[in-house]
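Engineer: Dropping the structure in here first, questions after.
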Amino acid sequence: MIAAPIGAPEAFGSQILGVLAELPCLTDASIALDRPFMVSNSLPPPPALDTLNEEQSIALFLDFDGTLVDIADTPDSIEVPGDLSQRLGSLHERLEGRLAVVSGRALADLEKHTGELSVARAGSHGSDCRDAGGAAIGAEPKDLAKDTRDSIAEFAEAHGFSLEVKTHGAALHYRSDPTLEHKGLQFAQALAEERGIIVKQGKCVIEFVADEANKASAVRAFMETTLFAGSTPVFIGDDVTDEDGMRAANELGGFGIAVGDRPSENARYGLASPAAVHHWLQL
Ligand SMILES: [Mg+2]
């Protein structure tokens, strides 16, 4: 994945450049919607969830965009089933509470689209973890400094990026003009080196966060709680930032499921699209 600690600016640059060819940002899970149950990333489909859960207690970690809903042109234009929150609540019951939605979005933004969630969730790429009742788990997230936020906003305004302001970070979106990618990455690298912040790249989005929280730290934080402890973690996601979550799941005796066409380094199984994820989850 592309996360750039400030202490490793050279690695950051090479990592970014190294993945550009693998990340055509217009390739996403929605392409597979006309064949929703075919696996297109060459990984085998996972065994049935209920079968797995009978063999061992499964804890499910679900990415949101590109996993539970199709990716849209802008973060606000996603189409979310009106009863998704209730369906996730039912899945939470089936798994006796061992379910967490782990999104790059801030939790307030996530719940703006889903309605109030009654399942465990982590927002802002794992830096804001909550239990099903909304109580914080782990350390309080750090925030970006005001001058850093201002710099990102000014850059977005000047160069035509869509700015997403998050509770604990910010994001530059360029799905409407993928040619902006190189300019955005140059800016991000310079800012990371100057301000000591973390930069992550996703599908047509560059994210800025203040600390090193990621989806792996979210998985570990949940797995340390009484409710999740001792279960087998399964992380499902479509994007590079989900590789962290899958890696943590692997390290804790579980596995990852990759969604869509993007080749995954850490997934054991694959599902072709959000529709296939819903089918597998019996949502
Ligand atoms: Mg995603």
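Engineer: Within region 243-283, take every residue that is out of contact with any Pro (no Cβ under 6 Å at 6 or more places or on another chain) and of a type in the set (Val, Ile, Thr) and give me the one that is farthest from Leu91 (Cα to Cα).
Structural biologist: Selected residue: Val259.
Engineer: Considering only region 93-112, state which residues are under 26 Å from Gln56 (Cα atoms), in contact (Cβ under 8 Å) with a residue 24 or more places away in the chain and part of a helix (DSSP H, G or I).
Structural biologist: The one that is under 26 Å from Gln56 (Cα atoms), in contact (Cβ under 8 Å) with a residue 24 or more places away in the chain and part of a helix (DSSP H, G or I): Arg94.
Engineer: Hey, any hits in region 87-95 for a residue that's at pLDDT 95 or above and basic (Lys, Arg)?
Structural biologist: Checked against the condition, which is being at pLDDT 95 or above and basic (Lys, Arg), region 87-95 yields at least one hit.
Engineer: Considering only region 176-184, I want to know if a residue exists there that is touching a strand residue (DSSP E or B) at 6+ places or on another chain (Cβ under 6 Å) and away from the ligand (no atom under 16 Å from the Cβ).
Structural biologist: Looking for residues that are touching a strand residue (DSSP E or B) at 6+ places or on another chain (Cβ under 6 Å) and away from the ligand (no atom under 16 Å from the Cβ), one finds at least one in region 176-184, hence yes.
Engineer: Out of Val259, Val205, report the one residue that is under 29 Å from Leu180 (Cβ atoms), of a type outside the set (Gly, Ala, Ser) and in the same structural domain as Phe155 (by TED's automatic domain parsing).
Structural biologist: Among Val259, Val205, only Val205 is under 29 Å from Leu180 (Cβ atoms), of a type outside the set (Gly, Ala, Ser) and in the same structural domain as Phe155 (by TED's automatic domain parsing).
Engineer: A follow-up question, please. Evaluate region 142-160: report whether one residue or more is away from the ligand (no atom under 16 Å from the Cβ), touching a strand residue (DSSP E or B) at 6+ places or on another chain (Cβ under 7 Å) and either in a loop (DSSP other than H, G, I, E, B) or in the same structural domain as Gly253 (by TED's automatic domain parsing) (or both).
Structural biologist: Taking every residue of region 142-160 in turn, at least one turns out to be away from the ligand (no atom under 16 Å from the Cβ), touching a strand residue (DSSP E or B) at 6+ places or on another chain (Cβ under 7 Å) and either in a loop (DSSP other than H, G, I, E, B) or in the same structural domain as Gly253 (by TED's automatic domain parsing) (or both).
Engineer: Scanning region 52-80 for residues that are hydroxyl-bearing (Ser, Thr, Tyr) and modelled with pLDDT of 95 or more, which turns out farthest from the ligand (Cβ to nearest atom)? Spell out how you get there, then give the answer.
Structural biologist: The first filter runs over region 52-80 and keeps only residues hydroxyl-bearing (Ser, Thr, Tyr), leaving 57, 67, 74, 77.
Add one more test, that the residue is modelled with pLDDT of 95 or more, and what stays is 57, 67.
Details: Ser57: 25, Thr67: 5 Å.
Looking at the filtered set, the residue picked out is Ser57.
Engineer: Count, please, the residues in region 229-261 that happen to be on the phi > 0 side of the Ramachandran plot and within 11 Å of the ligand (Cβ to nearest atom).
Structural biologist: 1
Engineer: Considering each of Ser103, Ser127, Ser162 in turn, give the residue that is farther than 23 Å from Ile236 by Cβ and of a type in the set (S, T, N, Q). Steps first, answer last, please.
Structural biologist: Numbers: Ser103 fails: farther than 23 Å from Ile236 by Cβ; Ser127 fails: farther than 23 Å from Ile236 by Cβ.
The unique qualifying residue is Ser162.
Engineer: Is there a residue being in the same structural domain as Gln56 (by TED's automatic domain parsing), within 16 Å of the ligand (Cβ to nearest atom) and within 30 Å of Glu54 (Cα to Cα) anywhere in region 219-227?
Structural biologist: There is at least one residue in region 219-227 that is in the same structural domain as Gln56 (by TED's automatic domain parsing), within 16 Å of the ligand (Cβ to nearest atom) and within 30 Å of Glu54 (Cα to Cα).
Engineer: Next question. Kindly provide the set of residues from region 89-120 that are within 16 Å of the chain's Cα centre (by Cα) and more than 16 Å from the ligand (Cβ to nearest atom), ordered by number.
Structural biologist: Within region 89-120, Leu99, Ala108, Glu111, Ala120 meet the criteria.
Engineer: Among the residues of region 78-92, are any under 18 Å from Ala249 (Cβ atoms), aliphatic (A, V, I, L, M) and in a strand (DSSP E or B)?
Structural biologist: no
The values are calculated or read from the model by the stated rules, or taken from the named source; none is laboratory data. All values reported here derive from a predicted model rather than from experimental measurement. Don't worry about glycine lacking a Cβ; one is built from the backbone with ideal geometry, like all the others, and counts go over all protein chains shown.
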